[in-house]
Amino acid sequence: SPSPPPPVLAGVSPAVSPTVPPRLMDSVLDILDALESPARGGSPGTAPALGRGLGVCNTPGCRAVLGEPPETPERPPALTPGQWQLLTELLRHDPATPELGAVLAPDGSTVALGPLLAGIDAGLRSGGFGRPLPTLDPPADPLLAVTIAEALGTSFLLAEGGDNNATALGPGGCWDDVENPQNYTLRGPPSPIPDPVAIGAMDGVVLGARLAREPLPVVELLRGYYGTGNGSEGGRTPSSYRRRDFGALAGQGRLEKEVVAVLGVLRTLSPTPELLRDVGTQQVAAVAHRAAREFSERYVECPAIVPRCLWGARPYRGTPAPLWPPLGSVFLHHTLEPAQPCWTFGACARTMRDMQRFHQDTRGWDDIGYSFVVGSDGYLYEGRGWHWVGAHTKGYNTQGFGIGIIGDFTATLPDPDTLALVRDELLPCAIRSGHIQPDFTLRGHRQLGHTDCPGNALFQEIQSWPSFQ
């Protein structure tokens, strides 16, 4: 007689075989380790070639650069069936479900593997490893073409031809469980470039450029860049600097030029993609200008914000009161507790949960009090966010946003990168996005209440900032 079906475990979706590793960057690194290890019959260029066979490079521009994809590969003996299932799911690019190709990195960012592997492939090949890259006509940078330029050009052309609220970038999303991520859900209607695709493309450019200078084993490169193990407390990971590093390699002007170039390359492919059929040179220039500007503003000049769902926030209690931006004030705080800054996503997310618990359970507030909290890991953490009145500066909560920096800054300052994140990125970005008025005032908490906050050292520092009053 047939055996009874296995019981379905509570909370485990039956579609996920228990042997499929979680969608963490660490799982991918284990797979690449197995593929590249000579002891198991692997070699350094295995991963990019497999990626092409599985469909990483399926757009006309990417194929013009990296070549037609090889036959669909069989499972390499070095991988378990579960690892192979994960890899094929992550690399089978389906424009309708871009969120399926993403993994959670140790810095808390979500990275699409397709553009990352395409950039690594282009980088290895320009570094002299594998088949040389073709010379494109008109001349275009192959690394930028396969990671971001083609995607940007086509995304903005589509948005232009679509309905008025079609977007060309975003949104972000959230994982079902940060420790054991299986499902990533976008928090809004998807564009061709949701956040994970943008992040994977930036990482592909940064790492591809490094490989072009010095080819080294892919897994070693990725391990050093992402810093593995979600709880490692050793300091900021290099990946948390991706916005700065990408901006240095492909600033807005360079990006605009490459989008024009790659659309020129697409025009020469037969048959010309439908998208470009009636598009003139001026329109291409305008699309490239808008694409480069909006991409740079969103992903290079503005800091990344870790949404509540990712740091594990509890729900708000009661009904939040709305704010009416643009607001005229920003109030700066230090958290005092914990006294030590947090340097990793794992540590900062834990701190956020502890603070929220303290504010809700001990102070009896509806939620964590701050609008945003700044970690020393290079990220902003969403508290009450841009839209809801906080509980940070008594008597002034409806007039401004409360920004808390994690740590005690009575005697010492936050590190220079964390100060720059607030002063040079968050504040100018909040003006551009219409959340604060261009002539807003910045004050320390102590100017508005009986408190030493934000600490003597930090208060002294912010007095030299342009908007301080």
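The values are calculated or read from the model by the stated rules, or taken from the named source; none is laboratory data. The structure presented is a predicted model; accordingly, all values stated were derived computationally and were not measured. A quick note on method: Cβ atoms are made from the backbone with ideal geometry, for glycine too, and the neighbour counts reach across all protein chains shown. All accessible areas refer to the heavy atoms of the entire protein, side chains included, with ligands and DNA or RNA removed. Shrake-Rupley method; radii C 1.70, N 1.55, O 1.52, S 1.80 Å.
In nm, what is the difference between 0.36 nm times the number of residues separating residue 441 and residue 319 and their Cα-Cα distance?
Result: 41.1 nm gained on full extension.
Would you mind putting 287-293, 321-327, 420-426 in packing order, based on average other-beta-carbon counts within 10 Å, highest first?
By packing density, highest mean first, the sequence is 287-293, 420-426, 321-327.
Round to the nearest 10 and report in Å² the accessible area of residue 451, as given by a 1.4 Å probe over the protein chains' heavy atoms.
50 Å²
Hey, any idea what Rg/Rh is for the chain, computing Rh the Kirkwood way over Cα pairs?
Result: Rg/Rh = 0.99.
When only the heavy atoms of the protein chains count and the probe is 1.4 Å, how do 23, 314 rank by accessible area, highest first?
Solvent-accessible surface, decreasing: 314, 23.
Run the dipole for the chain about the Cα centre, Lys and Arg Cβ at +1, Asp and Glu Cβ at -1, nothing else charged, and hand back the magnitude in debye, nearest 20.
I would put it at about 380 debye.
Would you mind pulling out the separation of the Cα centroids of the stretch 141-158 and the stretch 384-446, in Å?
35 Å
Using a Förster radius of 35 Å, what is the FRET efficiency between residue 63 and residue 176 based on their Cβ-Cβ separation? Nearest 0.05, please.
Between residue 63 and residue 176 the formula returns 0.55.
Report Rg(Cα)/(2.2 N^0.38 Å) for the stretch 232-293, keeping two decimals.
So the Cα radius of gyration is 1.59 times the expected 2.2 N^0.38 Å.
Any idea of residue 336's accessible area? Nearest 10 Å², probe 1.4 Å.
Its accessible surface works out to 80 Å², give or take rounding.
With charges set only on the Cβ (+1 for Lys and Arg, -1 for Asp and Glu), what does the dipole of the stretch 330-373 come to about its Cα centre, in debye to the nearest 20?
Roughly 120 debye for the stretch 330-373.
Mean residue ellipticity at 222 nm from the helices of the chain, using -39,500 (n - 2.57) per DSSP H segment of n ≥ 4 over the full residue count, to the nearest 500 deg cm²/dmol?
Counting only the DSSP helices, I get -11000 deg cm²/dmol.
Pairing rule first: another cysteine's C-beta must sit under 4.7 Å. Under that rule, which cysteines of the chain stay single?
453
Quick one: Cα centre-to-centre distance for the stretch 177-215 and the stretch 297-363, in angstrom?
23 Å
Tally up the carbon and sulfur contribution to the accessible surface of the chain as a whole percent, 1.4 Å probe, everything protein left in place.
Carbon and sulfur atoms account for 55 percent of the accessible area of the chain.
At a Förster distance of 25 Å, what's the computed FRET efficiency of residue 399 paired with residue 339, Cβ-Cβ distance as r, to 0.05?
Efficiency at R0 = 25 Å is approximately 0.30.
Could you put 443, 298, 277 in order of accessible surface area, largest first, with the 1.4 Å probe and the full protein assembly present?
These residues rank, largest area first, as 277, 298, 443.
Charges only on Cβ, +1 for Lys and Arg, -1 for Asp and Glu: so what's the dipole of the stretch 335-469 about the Cα centre, in debye to the nearest 20?
320 debye
Sorted by accessible area (1.4 Å probe), largest first, how do 93, 334 line up?
The ranking, largest first, comes out as 93, 334.
Please pull out the direction-averaged projected area of the stretch 56-176, using the convex hull of its alpha-carbon atoms, in nm² to one decimal place.
Convex hull of Cα atoms, orientation-averaged projection: 9.9 nm².
Length gain on complete extension for the stretch residue 293 to residue 254, per 0.36 nm per residue less the alpha carbon to alpha carbon distance?
Here the segment from residue 293 to residue 254 would lengthen by 13.0 nm.
With axes computed from alpha carbons, what is the tilt in degrees of helix 195-213 against the longest principal axis of the chain, rounded to the nearest 10 within 0 to 90?
For 195-213 against the chain, the angle is about 60 degrees.
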